[in-house]
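To start, the structure itself, in structure tokens.
The values are calculated or read from the model by the stated rules, or taken from the named source; none is laboratory data. Please read these numbers as outputs of a predicted model, since none were measured by experiment. As a convention, Cβ positions derive from the backbone with ideal geometry for all residues, glycine included, and neighbour counts pool all protein chains shown. Note: accessible area is taken over every heavy atom of the protein model, side chains too, but ligands, DNA and RNA are not part of it. Shrake-Rupley method; radii C 1.70, N 1.55, O 1.52, S 1.80 Å.
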Amino acid sequence: MKAKLYQYWRSSASWRVRWALAIKRIEFETVVVNIVGGEQKADEHRARNPIGHVPALTIDGHTLAESVAIIEYLEDRTPTPALYPRDSYARTRVRQMVECVNSGMQPMQNLVVLGRLSSDGAVQKEWAKFFNERGLAAFERLIEESRKEFGPGRFAHGDSLTAADVFLVPQVYSARRFGADLAQFPRVLEVEKNALATEFATGALPDNQPGAPAPK
Ligand SMILES: N[C@@H](CCC(=O)N[C@@H](CS)C(=O)NCC(=O)O)C(=O)O
């Protein structure tokens, strides 16, 4: 049976998973969960992911949630092309980059977090901008350290696309949306450009997803 991805077009965590599926050439169909309309809180979706977040993925008879866990499952199931290095130290450094986004940045801009913070859109935007700039400053340093330790490369870690890129690119899109000053992060911008030029990147873009607003 074809995999089913429960996702929302503008969700950065959904983007990570649909991009990883495409890279690994795993066919899937999309089921839209409109998180702006609150569909993630319905019992039907909480049965897939009790915390009420997207994405969730039904694959091989299982329903999985949390993009880091899902992508690790995909990596075990379909090892090539690999999204993590084999060497355990290099792999840990890529995981550090992944967590910089997954734990250090994205949670701070979640709808539920922004809604608890304030009902004022300007206050929410300033908060999200701060945490995106803080996290990207750290990511910029992680890229620099990776270059020093492992040698130069076009991507976040080395010369092939890894999970670090799959997490970084959607986060840069969010950071831009929240008005972050990205000129401070030249390595991040260079990696974003190179990663977006790879095969399968275009198909995973938010605007190309079911449920995205039609181009004006
Ligand atoms: N760590 C989770 C994050 C999932 C997450 O926060 N998803 C957001 C969209 S990117 C969401 O569903 N937000 C709904 C809400 O805040 O109510 C993952 O990587 O899957």
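Observations, loosely collected:
- For the stretch 85-208: Kirkwood Rh in Å [reciprocal of mean 1/r, alpha carbons]: 14.9
- Estimated FRET transfer efficiency (T92, D207; beta-carbon r; R0 35 Å; 0.05): 0.55
- Annotation: the stretch 18-117 has a Kirkwood hydrodynamic radius of 15.2 angstrom, from the mean reciprocal C-alpha pair distance.
- Placing R0 at 25 angstrom, the Cβ-Cβ distance between E39 and A3 gives a FRET efficiency of 0.80 after rounding to 0.05.
- Length-normalised contact order of the stretch 94-216 in % [C-alpha pairs under 8 Å, at least 6 apart]: 26
- Of the Cα atoms belonging to the stretch 125-182, the radius of gyration and Dmax stand at 12.2, 37 Å.
- On the stretch 1-111, 51 percent of the accessible area sits on carbon and sulfur atoms, based on a 1.4 Å probe.
- The order of the peptides 199-205, 100-106 by mean Cβ neighbours within 10 Å, most packed first, is 100-106, 199-205.
- Charged side chains reduced to their Cβ positions (Lys and Arg at +1, Asp and Glu at -1) give the stretch 76-216 a dipole of some 140 debye around its Cα centre.
- Note: relative contact order over the chain, using C-alpha pairs below 8 Å and six or more positions apart, is 24 percent.
- Positive-pole candidate from V32, A13, G52, dipole of the stretch 1-135, charges at beta carbon: A13
- When peptides 67-74, 124-131 are ranked by their average number of other Cβ atoms within 10 Å per residue, the highest-first order is 67-74, 124-131.
- For the chain, accessible area per residue (1.4 Å probe, heavy atoms of protein chains only), Å²: 50
- With every protein chain in place, the stretch 135-216: carbon and sulfur % of accessible area (1.4 Å): 55
- Helices in the chain that qualify as membrane-span-like (whole DSSP H runs, Cα extent of at least 27 Å along the helix axis, mean Kyte-Doolittle hydropathy of -1.0 or higher) are 121-150.
- Convex hull of alpha carbon positions in the stretch 98-146: directionally averaged projected area 3.2 nm².
- Near V31, the amide H atoms lying under 5 Å from its own belong to L5, Y6, Q7; only residues 5 or more places off or on other chains count, and H is placed 1.01 Å from N.
- With the helix formula -39500 (n - 2.57) applied to DSSP H stretches of n ≥ 4, the chain reaches a computed 222 nm mean residue ellipticity of -15500 deg cm²/dmol.
- Relative contact order [Cα under 8 Å, 6+ residues apart], the stretch 1-70, whole percent: 39
- Lys, Arg +1 and Asp, Glu -1 on Cβ, resulting dipole of the stretch 161-205 about Cα centre, debye, nearest 20: 120
- Normalised Debye scattering of the chain at q = 0.08, 0.09, 0.14, 0.18 Å⁻¹ gives log10 I(q)/I(0) of -0.27, -0.34, -0.85, -1.40, counting only Cα atoms as equal scatterers and leaving out solvent.
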